[in-house]
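Written below as structure tokens is the structure these notes are about.
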């Protein structure tokens, strides 16, 4: 049976049947309040009638004393816990006891029963020892072929006895158990190695440079363009002559004059908006051979490079030549 021991009261939390005249069968298990620590000496007191019997509680357990199990009766069970220092009891718990009943057992005084004599007891112990010795000298061997198991037993006299055991039929498949809970996600795996380089792609088709051609017959110009998709041709007819424009205002030629006094040069330019004057102090003389003056009147033809200057006359002559060459005639 199980009991809780509080500082002032014992509680029976699990009752167990206890029969008269039983020997070393029933035990008491105690659960002590936290105030009653392992430092305390603990004793159980069993009282039957006017007689009390003490049992030491070890590991929170104790057996029933044989003296209280002599007959069916009501038993008082108490517990005492005390603390000792220097062989002096300094603290004691003495809670209120509990009561339980012992039941009637089967053992009776039979008319034909006789006590076991010492000689008979010795014979019984010897027979038990012989039986254990015989079992200790037994050799057991087992083997299996397909569905038949053979067990061979050899006793200490060398006598063998074999028994064959056939496998039983396979039972029906049991019902599927419930699905277990999902496991936790595993940790991320290590990064995989870089894959092998892919194969080179196939070469692209050859490129194709378009070719353009312009020709003219009479008043019709024909433009032909050939590219990778084939040849495209279109024609353009000359437009009618436009009406003459109105005469422009009279032009004004700028007049520039330069004079010098001492180290100061005065430059004056007069155009239709008036006269602008600027003074320049002497400095290092510039190399004018690499420049084209605004009032230039001599011929200049660019020789190389995309950024050399061109005179107005050179541009007009180049345009007239291109038109004459492409469309024919003179303009």
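Tell me which residues, restricted to the range 214-229, are more than 60 Å from the chain's Cα centre (by Cα), assigned to a strand (DSSP E or B) and touching a residue at least 12 places away in the same chain (Cβ under 8 Å). Break it down stepwise before answering.
Taking the range 214-229 first, the residues more than 60 Å from the chain's Cα centre (by Cα) are 214-226.
Still in the list and also assigned to a strand (DSSP E or B): 214-217, 220-226.
Correct list: 214, 216, 220, 221, 222, 223, 224, 225, 226.
State yes or no: is residue 217 farther than 28 Å from residue 323 by Cβ and at pLDDT 75 or above? Walk me through how you get there before you give the answer.
Working: farther than 28 Å from residue 323 by Cβ: no; at pLDDT 75 or above: yes.
Against the criterion (farther than 28 Å from residue 323 by Cβ and at pLDDT 75 or above), residue 217 does not qualify.
Can you go through 232, 246, 266, 202 and tell me which one is surrounded by 11 or more Cβ atoms within 10 Å (Cβ to Cβ) and either free of Cβ contacts under 8 Å to residues at least 12 places away in the same chain or in contact with a helix residue (DSSP H, G or I) (Cβ under 9 Å, 6 or more places away or on another chain) (or both)?
Numbers: 246 fails: surrounded by 11 or more Cβ atoms within 10 Å (Cβ to Cβ); 266 fails: either free of Cβ contacts under 8 Å to residues at least 12 places away in the same chain or in contact with a helix residue (DSSP H, G or I) (Cβ under 9 Å, 6 or more places away or on another chain) (or both); 202 fails: surrounded by 11 or more Cβ atoms within 10 Å (Cβ to Cβ).
Selected residue: 232, the only one of 232, 246, 266, 202 that is surrounded by 11 or more Cβ atoms within 10 Å (Cβ to Cβ) and either free of Cβ contacts under 8 Å to residues at least 12 places away in the same chain or in contact with a helix residue (DSSP H, G or I) (Cβ under 9 Å, 6 or more places away or on another chain) (or both).
Listed here are the residues, each with its yes/no results for (1) at pLDDT 95 or above; (2) more than 20 Å from residue 105 (Cβ to Cβ); (3) touching a strand residue (DSSP E or B) at 6+ places or on another chain (Cβ under 9 Å); (4) surrounded by 18 or more Cβ atoms within 10 Å (Cβ to Cβ).
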| position | (1), (2), (3), (4) |
| --- | --- |
| 8 | yes, yes, yes, no |
| 11 | yes, yes, yes, no |
| 20 | no, no, yes, no |
| 39 | no, yes, yes, no |
| 44 | yes, yes, yes, yes |
| 53 | yes, no, yes, no |
| 75 | yes, no, yes, yes |
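Please work out which residue is modelled with the lowest pLDDT, limiting yourself to the range 134-154 and to residues that are touching a strand residue (DSSP E or B) at 6+ places or on another chain (Cβ under 8 Å) and part of a loop (DSSP other than H, G, I, E, B). Before the answer, list the steps.
If we filter the range 134-154 for residues that are touching a strand residue (DSSP E or B) at 6+ places or on another chain (Cβ under 8 Å), which is where we start, we get 138-144, 147-154.
Those still in the list that are part of a loop (DSSP other than H, G, I, E, B) too: 138, 147.
On the way: 138: 66, 147: 76.
Checking each candidate, the answer is 138.
Tell me, yes or no, whether the range 169-183 has at least one residue that is assigned to a loop (DSSP other than H, G, I, E, B) and either touching a helix residue (DSSP H, G or I) at 6+ places or on another chain (Cβ under 9 Å) or surrounded by 10 or more Cβ atoms within 10 Å (Cβ to Cβ) (or both).
Kept after step one, since they are assigned to a loop (DSSP other than H, G, I, E, B), are these residues of the range 169-183: 169-183.
Imposing the further condition that a residue be either touching a helix residue (DSSP H, G or I) at 6+ places or on another chain (Cβ under 9 Å) or surrounded by 10 or more Cβ atoms within 10 Å (Cβ to Cβ) (or both) reduces the set to none.
No: the range 169-183 contains no residue that is assigned to a loop (DSSP other than H, G, I, E, B) and either touching a helix residue (DSSP H, G or I) at 6+ places or on another chain (Cβ under 9 Å) or surrounded by 10 or more Cβ atoms within 10 Å (Cβ to Cβ) (or both).
Cβ-Cβ under 8 Å, sequence separation 6+ or interchain: first residue in the range 33-49 and more than 26 Å from residue 66 (Cβ to Cβ), partner part of a loop (DSSP other than H, G, I, E, B). Which pairs?
33/6; 33/7; 35/7; 36/7
Give me the pairs: first residue in the range 156-174 and closer than 16 Å to residue 142 by Cα, second residue in a loop (DSSP other than H, G, I, E, B) and at pLDDT 75 or above, beta-carbon distance under 8 Å, and six or more apart or on different chains, which are they?
166/147; 167/147
The values are calculated or read from the model by the stated rules, or taken from the named source; none is laboratory data. Please read all numbers here as calculations on a predicted model, not as lab measurements. Positions of Cβ are backbone-derived with ideal geometry, glycine not excepted, and every protein chain shown enters the neighbour counts.
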